[in-house]
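Reading through the structure tokens given below for one structure.
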Amino acid sequence: MIWQTITAYNYCMKNREDLFTLIKAMSKSEKRYFVLDAKKSGRTGSRYLTLFNALSKMEEYDDSKLKKKFPKNLSSDKAYLYEAILRSMRDYRSKSSKAAQVKERLMDARFLYERGLYGQSTARIAEAKAMAKELEDHFTLLEINKEEQVSLFDRKAKVTLEHIEQLNEEREQTLVAINEELKYLDLYYRLLLEILKEFNLKDEKSISELKNRLPLYLLEDGMKPNSPHARRRYYLCKAVYFNLIGDLHEIYKNYQMAVNWWDLYPVIKNENFHTYINNVYNLVNTSHKIEGNSYISEKWINKLESDKPSLSYHNQKAIFRTLSISNLLHLLNKNDFEKAKNILPEIIDGLNRFGLKKSIVLIGNIVIVYFLTRDYKNCLYWSEYIIKNLKKSGRDDIHRLVRLYKVIAHYELGDIDKAEGAIRAIDRYFIISKLPKTRFEYIVINDYLKNIFNAPINCFKKEIEGFYSFLKEANKNPNKEIPLGIDELMIWAKSKL
């Protein structure tokens, strides 16, 4: 049994830090529950608790320290602990998760059925079915339908043709709902791939080719699906599609429909609050881009804030991240840079409290605020933090941008040697990352900032004006994605004039 557990763990865990990151992701109450759970196991539990506590106290994962403290069987102990934590967390989660309770009742029903306790098994299935219907969980309802049909003649009750036909009808309705959900789920991810590839489609030819590649007829008004989960996906698909073709008002309208959907299904909202927060985040971010819509983002920020105290640690963490980014975006769009800077201490405190110092989007916004308020020391500190600690973030655009800020910050602090060193470092970074010489950031460094920094006093204004004109032109090009950070660079260039 232990060998099977370890094999499964090693198979799914390619990264030796998986156990460490799992423990770091746990809330205080989850850790407390696991500790109490492990103590019930006596001596065996105590052995793994020592490893658990050692990993909990680590700020950064250090394999050599662990091997010194646990010279024997470290790999197998880590494997056992990993599985023990997940097993304990299944129990912990089942108290508050209806989805988990449905699965438990199905397992109970099978146990009772195997013992010949058919009446009790049927009662458990009925409870699972009622919960799954509340959650509109058609995948589980299909599984329940099979259980009902399999055990139909074992219940010692009178079976009629109506029973069989009713189950068949329920199964057909469930399959229709599942088919709808899967169609829109598939289309949603295909559209997201298009966003990653193109971001915006500006010409009719590209839009026409997209229609040939994807079943976009599913987005027509007459195709709105009946099953609830598919309907939310329908709104999200439309929002992503209109993002591709650049229709801001339609993006907002469909994100709003997706968010409003949750209030129709409070049980589902409670079960999947994290997903609800993400939908609100998309809506708020879109509202920032529409002139005159700032009051809408404030409304949603206040609504999430009022929900926060009653929620779990993980949902509070998600709300904190959403609120922090949304608040900063809201204030930056209003050009209220000093107010944005004033809320940074609270946000930085939350980064530590919720373990979010790997959130490159949030930290990237902190860098922007310090850059815009000319607090170049803090701008440097957080730029360096991203460069050194968040290398595998997947956000190369943010990495390129903070390197530009780093160069400018050194220059503004009067340290020309460090500014030139930062320029050489960014050029090396561009070479390693194979950045084309036509990219915005490459041009900014090599065609403009180098000239600005080395310009004689009588040529400085001309160089800055040339840079500002370049930024203005790049900001209004309808056929290209607007580069990240261009507005902030324009503010800086304008300030130098």
Can you name every residue in region 329-365 that is touching a Leu at 6+ places or on another chain (Cβ under 6 Å) and either small (Gly, Ala, Ser) or closer than 17 Å to LEU489 by Cα (or both)? PHE337, ALA340, ASN365
Please go through region 424-465 and give me each residue that is small (Gly, Ala, Ser) and either within 17 Å of ILE408 (Cβ to Cβ) or in contact with a strand residue (DSSP E or B) (Cβ under 6 Å, 6 or more places away or on another chain) (or both), ordered by number. ALA425, ALA455
Consider only pairs whose beta carbons are under 6 Å apart and that are at least six residues apart or on different chains; among these, list those whose first residue lies in region 452-466 and is among the β-branched types (Val, Ile, Thr) and whose second residue is surrounded by fewer than 12 Cβ atoms within 10 Å (Cβ to Cβ). ILE464/LEU497
Residue satisfying all of: in region 52-63; part of a helix (DSSP H, G or I) and without any contact (Cβ under 8 Å) to a residue 12 or more places away in the chain; surrounded by the most Cβ atoms within 10 Å (Cβ to Cβ) among these: ASN53
TYR381 - would you say it is at pLDDT 95 or above and under 17 Å from LEU362 (Cβ atoms)? yes
Assess whether GLU165 counts as being of a type outside the set (Ser, Thr, Tyr), surrounded by fewer than 16 Cβ atoms within 10 Å (Cβ to Cβ), within 30 Å of GLY116 (Cα to Cα) and not assigned by TED's automatic domain parsing to the domain that holds GLN120. yes
I'd like to check something: does region 64-79 contain any residue that is assigned by TED's automatic domain parsing to the domain that holds ALA25, buried (at least 18 other Cβ atoms within 10 Å of the Cβ) and in contact with a Phe, Trp or Tyr (Cβ under 6 Å, 6 or more places away or on another chain)? yes
Any residue that is in contact with a Pro (Cβ under 8 Å, 6 or more places away or on another chain), surrounded by 12 or more Cβ atoms within 10 Å (Cβ to Cβ) and at pLDDT 90 or above - is there at least one of those in region 441-464? yes
Residue list for region 95-119, filter: surrounded by 12 or more Cβ atoms within 10 Å (Cβ to Cβ) and not in a helix (DSSP H, G or I): SER97, LEU117
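The values are calculated or read from the model by the stated rules, or taken from the named source; none is laboratory data. These numbers were taken from a predicted model, which means no experiment stands behind them. So basically every Cβ, Gly included, is an ideal-geometry build from the backbone, and we count neighbours across all protein chains shown.
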